[in-house]
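Reviewing the structure listed below.
The values are calculated or read from the model by the stated rules, or taken from the named source; none is laboratory data. None of these values were measured; they are calculated from a predicted model. Please note: Cβ atoms are built from the backbone with ideal geometry, for glycine as well, and neighbour counts cover all protein chains shown.
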Amino acid sequence: MEYGPAPESKEVAEQWLKKHKPHFKQYINGKWLAPKSKKYMDSNNPCTQKKLASVPLAGKADVNDAVKAADKALQEWVKLGGHGRARYLYAIARQIQKHSRLFAVLESMDNGKPIRETRDIDIPLVVRHFYHHAGWAQLQAEKLPDYKEIGVVGQIIPWNFPMLMLSWKIAPALAMGNTVVLKPAEFTSLTALLFAEICQQVGLPQGVVNIITGDGSTGSEIVSHPSIGKIAFTGSTEVGRIIRRATAATEKKLSLELGGKSPFIVFEDADLDSVVEGVVDAIWFNQGQVCCAGSRLLVQESIAEKLYRKIRHRMEKLRIGNALEKGVDIGAIVAPVQLKTIEDLVQKGVDEGADLWQPSWECPNDGCFYPPSLFTNVAPASIIAQEEIFGPVLVAMSFRTPAEAVKLANNTRYGLAASIWTENINLALDIAPKVKAGTVWINCTNMFDAASGFGGYRESGFGREGGIEGLYEYVKLKVEDEFTPAALPQAVEEKIGHPGNGLPAIDKTAKLYIGGKQKRPDGGYTRNVHDVKGHIIGQVGEGNRKDIRNAVEAAHAAGKWATTTAHNRAQVLYYLAENLELRASEFAQRLSQALGHSNRKSMQEVKASIERIYTYAAFADKYDSYVHATPFRNVTLAMKEPLGVMGIVCPDEAPLLGFVSTVLPAVAMGNTVVVVPSATAPLSATDLYQIIETSDVPGGVINIITGDKEGLTKVLANHDDVDGLWYFGSKEGSTLVQHAAAENMKRTWVNFGKSRDWFKPTHVNTEDFLRHATQIKNIWVPYGE
Ligand code: NDP
């Protein structure tokens, strides 16, 4: 029996398009304006290849007008307060809901995705996002009292979930008091323009939301605009890298949600019929044009052939066709250029010797269609196993043991999502923490909700969208306004001779500290350390590239620290404080000697350092993960995980307190660190070796490399095995760190040459430090009825 046709009516959408003929305008400052660029581009229906509309291709002047409008609207929007903003967000949610069918039809026509998906998934999730964030606006003052808006936010979104990505960007930004300039992707601008009408209908104040359409050049104008305080981007890792570099020299906050090659792991005890439906949702949902698509099927060897047979059987029954046909499973690829990319990558797979299987039926030939495809006999290092195909192409590999499954799963530069299929909850919860991915679905896949954060590890980007974790992307600490440009350390003229009583001090040259041992610097050089008057007060090792490499290796080897219980980590930290206290006067003396401070002032720094260690020891087992109330048959565990190996370049102000304030939060959260101590008083750090040794800190957890601060920073920034880098130093150093970080997308936190008062607890917001030292993995677990 064949299904009869059941097309969704497109009448209302066509009327709406007709209303805007011949050209759409852009939405700036609450008005519809023709582009100053006078340029337009076509938006086509991928299922028919027919033109739907002509939309502006905004240029520099248009971007400028939009940013100006957003800037002008900012103050009033902030003043409106959380409740006022909540009312608008709520009104937007209601209004979209009222026009949900128009949104769904238009989205399907513009993007080519099946109406079943836009109607039942995309648009309901959009509505949910605005409702949820209306709630966050309402609660902002209560839940985030120390934070404020960033200002004007530039948002650039892709074509695969046009309205959903818009809501993920705009809802949290507005909730937290920002105003926005958003650019949809050039292939799919229409629902964003319809959304602009919704903003008008609910009377959103002019300039709070500005929608400009355009291509990559418009996007890069947004990225480089000086009045924008934050860029939020979703798209390819390649463009993400360009944006990371383009914003490196600025203080713009950045969140990047990039590509993926997510593993879909099936163990032999899984319910294979559910798995097959899961596979359909993982890789044929939205034609596989999903950043978190389960595009790598990893199957336990014992059931691999059986599962492949079942999948092929199901593939044969999938229906492909016009997106507005209610019975289709697969719609069209968004544009001919994307179709060509898929075809080329599939050909590469065939050339590499993998076995390609496609259903026997033919695709319609009047649009951008591509059949669901399965590759077996795939080598893990092959192009199709490593590159994001962004199409309906599944690449299958097998494994024997759970350990092998984890290895294969993590054999990628990405880390966006993973899904795990087994009837054994112990096995699932054993694997979930080991997979490097921002989202892990257990016995489910491609589940999204506004209450749960979504975002990547590694080259899948950084920052989260959704949940409370997503809000932090759109706020900054109020106290940041108090941070001022730091006085750079003064170079002192070196004085031969020695301070003190006339006798030469017993020669003491601190070595480097790597893997729990004091090591001579690889280059065999030392550098003199001076007091403020220029007298030589000691020497430290001159670390180089090789020393950093060894330290990073040692830090990786100490990775077990991440799974040591938080209670144990806290004990080690308390012990560290205890041992520092025993030698407090010696440390104070050292500070006085280096900085010329009175003994009282130096003692104050030591005491403050001990207290701060206590704070982080206390937080080690109290910076809890949480459980999100996602509204399906799931709960979502938002697990805070360490970044991994972190580089920490310490501030020059308050050498001991600065060291403790930056290194200890990272270590408390389970990271292992390579530290470049303060350039002004490195002996305060090298004196800590013995304390670290006697405090049960496992070798390799804290590694200390002295030497040229900026040179060592550069090595850390370029190191591919460093997962995060904090830098407290100059503006130039900060730029360098952010620029180099684009290579492996390491998380960075830099101060742009601004200093804080390390003695003031408000300046050293504990949770802020802990948050920068962790990333959240959301694990969706089946729960309840
Ligand atoms: P891009 O990353 O090129 O596009 C994403 C958005 O960024 C679009 O709005 C795009 O504009 C804009 N853009 C492009 N270049 C720049 C720039 N230099 N500065 C600022 N903004 C820019 O993705 P594509 O649409 O070209 O897709 C290419 C590949 O990216 C896909 O095959 C897929 O692998 C991946 N991708 C990943 C997505 C994800 O969700 N992670 C989503 C979409 C794509 P415009 O549309 O005009 O190009």
Does segment 93-113 contain any residue that is in a strand (DSSP E or B) and not basic (Lys, Arg)? no
For segment 375-400, what are the residues that are of a type in the set (Gly, Ala, Ser), surrounded by fewer than 24 Cβ atoms within 10 Å (Cβ to Cβ) and away from the ligand (no atom under 16 Å from the Cβ)? Ala379, Ala381, Ser382, Ser398
Just to verify a result, which residue in segment 221-245, among those that are of a type in the set (Ser, Thr, Tyr) and touching a helix residue (DSSP H, G or I) at 6+ places or on another chain (Cβ under 7 Å), is nearest to the ligand (Cβ to nearest atom)? Thr234
From the list Phe285, Phe267, pick out the single residue that is farther than 27 Å from Met165 by Cα, in contact with a helix residue (DSSP H, G or I) (Cβ under 9 Å, 6 or more places away or on another chain) and either of a type in the set (A, V, I, L, M, F, W, C) or surrounded by fewer than 16 Cβ atoms within 10 Å (Cβ to Cβ) (or both). Phe267
Hey, Pro158 hits all of (1) within 19 Å of His133 (Cβ to Cβ); (2) within 16 Å of the ligand (Cβ to nearest atom); (3) part of a loop (DSSP other than H, G, I, E, B) but one; which does it fall short on? (1)
Within segment 624-641, residues being part of a loop (DSSP other than H, G, I, E, B) and surrounded by fewer than 20 Cβ atoms within 10 Å (Cβ to Cβ) number 6
Are any residues in segment 167-193 within 11 Å of the ligand (Cβ to nearest atom) and over 15 Å from Gly467 (Cα atoms), and if so, which ones? Leu182, Lys183, Pro184, Ala185, Glu186, Phe187, Thr188, Ser189, Ala192
For the condition β-branched (Val, Ile, Thr), outside any loop (DSSP other than H, G, I, E, B) and under 19 Å from Asn550 (Cα atoms), what is the one hit in Val660, Val674? Val674
Go through (1) assigned to a helix (DSSP H, G or I); (2) within 16 Å of the ligand (Cβ to nearest atom); (3) more than 30 Å from Asn178 (Cβ to Cβ) and name the single condition His313 misses. (2)
Among (1) crowded, with 24+ Cβ neighbours inside 10 Å; (2) of a type outside the set (Gly, Ala, Ser); (3) touching an Asp or Glu at 6+ places or on another chain (Cβ under 9 Å), there is one condition Val675 misses while meeting the rest; what is its number? (3)
For segment 652-672, how many residues are over 19 Å from Val572 (Cβ atoms), within 30 Å of the chain's Cα centre (by Cα) and buried (at least 24 other Cβ atoms within 10 Å of the Cβ)? 2
Test: Ala562 is within 26 Å of the chain's Cα centre (by Cα), over 22 Å from Gln690 (Cβ atoms) and either in a strand (DSSP E or B) or at pLDDT 95 or above (or both): yes
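Listed here are the residues, each with its yes/no results for (1) at pLDDT 95 or above; (2) surrounded by 15 or more Cβ atoms within 10 Å (Cβ to Cβ); (3) on the phi < 0 side of the Ramachandran plot; (4) within 16 Å of the ligand (Cβ to nearest atom).
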| site | (1), (2), (3), (4) |
| --- | --- |
| Lys306 | yes, no, yes, no |
| Lys340 | yes, no, yes, yes |
| Phe369 | yes, yes, yes, no |
| Pro402 | yes, yes, yes, no |
| Thr412 | yes, yes, yes, yes |
Taking segment 431-461 as the search range and keeping residues that are in contact with an Asp or Glu (Cβ under 9 Å, 6 or more places away or on another chain) and part of a strand (DSSP E or B), which one is surrounded by the fewest Cβ atoms within 10 Å (Cβ to Cβ)? Phe454
